[in-house]
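The structure appears below as structure tokens.
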Amino acid sequence: MGREPEFEQIIRQIRGVRSARVVCAGDSIAEVHVLATQDRHPKQIVRDIESALMVRLGMQLDHKKISVAQVEEEGGAQGGNGRPRLGEVSVVSRGLEAEARVVLSFGELVVEGSNTGPNTAKNGLRLVANATARAIETFIQSPSTKLLVEDVQLQSFAGREIVMAAISLVTPSSEAIVIGTAIVKGDPREAAARATLDAFNRKLIFITTN
């Protein structure tokens, strides 16, 4: 075993860090994956990691090698910084294919995701869910973190139409599936985007490398 335990011990001492996993290439750090509480902004935690390694070990680490996942505490409030807001949802038909486009805002930052596939009514929900997932990944900017749309369904419940979305979030250190729901208030495709966001917000506030 290399120096991973030494690095992880230093990182776990940082306020807000619940757990840390370090991947080394020789004596150098290749990746840092941190699970943190949501009471601090991820960028603050990244800066603290950089500072701690520099002060304790004289090691300069590129912030792009650090990913921070913030999860809600069990029983915690549903609010918090960093939750994305849904902006525009559009689906453009091009013959046998359709393209879904979703715009999200993270505070002042606006990101966009798109997805193209068969132009069918049922597939329209999945296209929008995938476009929403791509928009989130655009914000995350971490090639090692993926959001996979497992299933999207339009259901009738309690006399209302709802959309349910099952999303898998995969990182090098974990894999979790979460389910989000949204009441249809007009276009079911917009509800598919909101259900995807609801799934993302169930556990994860942010994953960021910046």
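Between exposed trypsin sites (Lys or Arg not before Pro) in the chain, where DSSP calls loop and at most 12 other Cβ atoms lie within 10 Å, what's the longest gap?
Details: sites that count: 15, 185.
Answer - 16-184.
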**Request:** Convert each backbone phi in the range 44-60 into a coupling constant with the Karplus relation 6.51 cos²θ - 1.76 cosθ + 1.60 (shift: θ = phi - 60°), then list the ³J(HN,Hα) values in order as whole Hz, x for Gly and Pro.
**Result:** 5, 5, 4, 5, 5, 5, 4, 5, 5, 5, 5, 5, 6, 10, x, 9, 9
**Prompt:** Sorting 128, 89, 152 on the 10 Å Cβ count, fewest up front, what's the list?
**Reply:** 89, 152, 128
**Prompt:** Number of Lys-Lys pairs in the chain under 24 Å by Cα, sequence gap 8 or more or different chains?
**Reply:** 11
**Request:** Identify which of 95, 113, 124 has the largest mean-square fluctuation in a Gaussian network model of the chain, with springs joining Cα atoms closer than 10 Å.
**Result:** 95
**Item:** Residue exposure sequence - 168, 174 - by fewest surrounding Cβ within 10 Å
**Value:** 174, 168
**Item:** Exposed-site-free run, longest, the chain (rule: GluC sites (Glu not before Pro); DSSP loop; at most 15 other C-beta within 10 Å)
**Value:** 109-210
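Bear in mind that the values in this text are calculations on the coordinates, not laboratory data. Everything numeric here is computed off the predicted structure, so don't read it as measured data. FYI the Cβ positions are ideal-geometry reconstructions off the backbone, even for glycines, and counts take in every protein chain you see.
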